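Enquirer: Structure provided below as structure tokens; questions to follow.
The values are calculated or read from the model by the stated rules, or taken from the named source; none is laboratory data. Just so we're clear, the structure is a prediction, and the values are computed from it rather than from any experiment. For neighbour counting, all protein chains shown are included, and Cβ atoms are generated from backbone atoms with ideal geometry for every residue, glycine included. In case anyone asks, the SASA skips ligands and DNA or RNA and just uses the protein heavy atoms, side chains included. Shrake-Rupley method; radii C 1.70, N 1.55, O 1.52, S 1.80 Å.
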Amino acid sequence: MATSTSSAPQTLPPQAVVMQMAMGGWVASAYMRGVRYVNVPTTLVGQVDAGIGGKLAVNHAVAKNLIGGFFQPRGVVSNVSFLRTLERRQLRAGLAESIKKAIIASPAYWRLIEAEADAMLAGDPDALEALVHGAGAIKVELLARDPYEEDSRRTLGFGHALAHPLETVTSYTELLHGEAVAFGMSVEAEMAAARALLAPETHDRIVGLLRRVGLPTCADELPCDVEGDRLLQATERIRLIRGGGYRFVLPIDLGETVIADDVTPAELHAALRR
């Protein structure tokens, strides 16, 4: 006699939800040469960043976002009530992308996060709504200037020059994207401070906020071990794929950055050591 069993619905990890969103957009771009679609992100990192815009990419063992394309959604619907089931670590990861936007584009948004970070991490819906709305406004304005990322000097990559290879060497499983971005922002802030582009008090303010919300700012604070040599090799691989030199976004003040194309391997090594 055949028997059947049933089990409770399995909840996908937030990383898988983001990947499914990218895959959904990618399929929409290909089916019948493109059909309309709407993004409905259900994680904080999706609502403040990944769900906004038409970049559709999947990760590869060689590099992050290696396979994909661009196809803009007709709209993005973010409902902060979906965030009630997120664990605190996931909220922190979303805050990393929000802090990034504040550093590159908006001192006012920075002040909001500084003032409401505790409420955001506690899941306060009003605080989260303000966070998501602000991030969306900033990213849409930046994407409107360069929706297909043709400009290599885009500031939205702040923190990502090291975050992406860091995720690659940890096989996209041990680190959340926001945790890797926080580490990458800390290293780039260190580079800017070493070049005397970023005032010590502003550097401390940036690192201090990241630490205050529980994000990693140095290797010892990462939730997994990372081999420095492998990280540098992965960073070099991305440089070769892009056919250029190292390109880092260096903060010089809250809301102001410069693109550094002249970072040397020695300078990168020194920043990582510090």
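Enquirer: I'd like to check one number: the per residue accessible area of region 37-98, probe 1.4 Å, reported in Å² as a whole number.
Expert: 43
Enquirer: Considering only Ile259, Gln233, Ala219, whose Cα is most displaced toward the positive end of the charge dipole of region 215-274, charges sitting on Cβ of Lys, Arg (+1) and Asp, Glu (-1)?
Expert: Selected residue: Gln233.
Enquirer: Among Leu162, Leu95, Leu66, determine the one that fluctuates most according to a GNM of the chain built with springs between C-alpha atoms less than 10 Å apart.
Expert: Most flexible of the set in this elastic network: Leu66.
Enquirer: From the phi of every residue in region 192-206, what ³J(HN,Hα) in whole Hz does the Karplus formula 6.51 cos²θ - 1.76 cosθ + 1.60 yield, where θ is phi - 60° and glycine or proline is x?
Expert: 3J(HN,Hα) across region 192-206, in whole Hz: 5, 5, 5, 8, 6, 8, 10, 4, x, 5, 6, 4, 5, 5, 5.
Enquirer: What order, most packed first, do the peptides 177-187, 222-232 have when packing is the mean number of other Cβ atoms within 10 Å of each residue?
Expert: 177-187, 222-232
Enquirer: Sticking with this one: Per the helix-only calculation at 222 nm, which mean residue ellipticity applies to the chain, given -39500 (n - 2.57) for every DSSP H run of n ≥ 4 and division by its residues, nearest 500 deg cm²/dmol?
Expert: Values: 9 runs with 136 residues, N = 274.
The helix-only estimate for the chain comes to -16500 deg cm²/dmol at 222 nm.
Enquirer: Which lysines have a Cα lying under 16 Å from the Cα of Lys64, excluding residues fewer than 8 positions away in the same chain?
Expert: Within the straight-line cut-off, Lys64 pairs with Lys55.
Enquirer: Out of these labelled values of Cα Rg over 2.2 N^0.38 Å, (1) 1.01; (2) 0.94; (3) 1.31, which was calculated from the coordinates shown here?
Expert: So the calculated entry is the one marked (1).
Enquirer: Region 33-157: percent of C-alpha pairs farther apart than 20 Å? List each step's numbers first, then the result.
Expert: Values: 3509 of 7750 pairs.
Value for region 33-157: 45 percent of Cα pairs lie more than 20 Å apart.
Enquirer: Could you tell me the distance between the Cα centroids of region 82-106 and region 215-274, to the nearest Å?
Expert: Using only Cα atoms, the two centres lie 21 Å from each other.
Enquirer: Ok, one more. Can you give the accessible area per residue of region 130-232, in Å², using a 1.4 Å probe?
Expert: 44
Enquirer: If you keep only loop residues by DSSP, which chymotrypsin sites (Phe, Trp or Tyr not before Pro) in region 83-175 have at most 13 other Cβ atoms within 10 Å of their Cβ? It would help to have the intermediate numbers written out before the result.
Expert: On the way: sites: Tyr109, Trp110, Tyr148, Phe158, Tyr172; in loops: Tyr148, Phe158, Tyr172.
Loop-located and lightly packed - Tyr148.
Enquirer: To the nearest 10 square angstrom, what accessible area does Arg154 show with a 1.4 Å probe?
Expert: 80
Enquirer: Give me the percent of the accessible area of the chain that comes from carbon and sulfur atoms, probe 1.4 Å, all protein chains in place.
Expert: Looking at the chain in its full context, I get 52 percent from C and S.
Enquirer: Could you give me the radius of gyration and the Dmax of region 117-270, taking only the C-alpha atoms into account and expressing both in angstrom?
Expert: 15.9, 45
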